[in-house]
1. Report, to the nearest whole %, how much of the accessible area of the stretch 1-68 belongs to carbon and sulfur atoms, 1.4 Å probe, protein only.
2. Please check: in the Gaussian network model of the chain (C-alpha springs, under 10 Å), which one of Gly34, Gly14, Gly22 has the largest mean-square fluctuation.
3. Counting pairs of alpha carbon atoms under 8 Å apart in space and at least six apart in sequence, what relative contact order in percent does the chain give?
4. Work out from phi, with θ = phi - 60° and the Karplus expression 6.51 cos²θ - 1.76 cosθ + 1.60, the ³J(HN,Hα) of each residue of the stretch 23-28, listed in order in whole Hz, and give x for Gly and Pro.
5. If I model a spin label as a point 7 Å beyond the Cα along the Cα-Cβ vector, how far apart are those points for Val27 and His64 in nm?
6. Tell me, what is the per residue accessible area of the chain in Å², probe radius 1.4 Å?
7. Between beta-carbons, use under 13 Å as the cut-off and find the net charge around Ile17, counting Lys and Arg +1, Asp and Glu -1.
8. Over all directions, average the projected area of the Cα convex hull of the chain and note it in nm².
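The values are calculated or read from the model by the stated rules, or taken from the named source; none is laboratory data. Treat the numbers as computed from the prediction; the structure is a model and nothing was measured. Counting neighbours? That spans all protein chains shown, and the Cβs are built from the backbone with ideal geometry, glycine included. Quick note on the areas: whole protein, heavy atoms, side chains included, nothing else; ligands and nucleic acids left out. Shrake-Rupley method; radii C 1.70, N 1.55, O 1.52, S 1.80 Å.
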Amino acid sequence: MSWEIDAEAWKLVGVKIKSRWGKINNVVLELINGRREVLVSQVEALYAVTPEEAENQVLSFEKHTKELRPKGVVA
């Protein structure tokens with residue numbers, strides 16, 4: 001599944017991803033390119049965590065990243 005965000009919002013999300021997961025660099029961000037499942041697999045690989053842990057980390061990240069929330073949802 002891909003996040004449905006524009007290119008400008010993706011730049012902001014990319015900065016937040018790099019801040020949250022320091023092992024993710026610009027090359028990996030290009031690979032992710034807005035695709036959630038690729039972020040999960042990269043977190044799993046780079047941090048040697050289980051698929052479930054990687055999924056939980058990305059879920060937590062989504063909850064705290066306003067650019068990834070559906071329009072009209074206020075947290």
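1. Roughly 54 percent, rounded to a whole number.
2. The residue with the greatest mean-square fluctuation here is Gly22.
3. On the way: 48 pairs, mean separation 24.1, N = 75.
Relative contact order for the chain comes out at 32 percent.
4. 7, 8, 10, 4, 5, 5
5. 2.8 nm
6. Details: 4970 Å² over 75 residues.
Per residue, the chain has 66 Å² of solvent-accessible surface.
7. Values: positive: Lys11, Lys16, Lys18, Arg20, Lys23, Arg35, Arg36; negative: Glu30, Glu62, Glu67.
Here the charged neighbours net out to +4.
8. Working: hull surface 18.9 nm².
Over all viewing directions, the chain projects a mean Cα-hull area of 4.7 nm².
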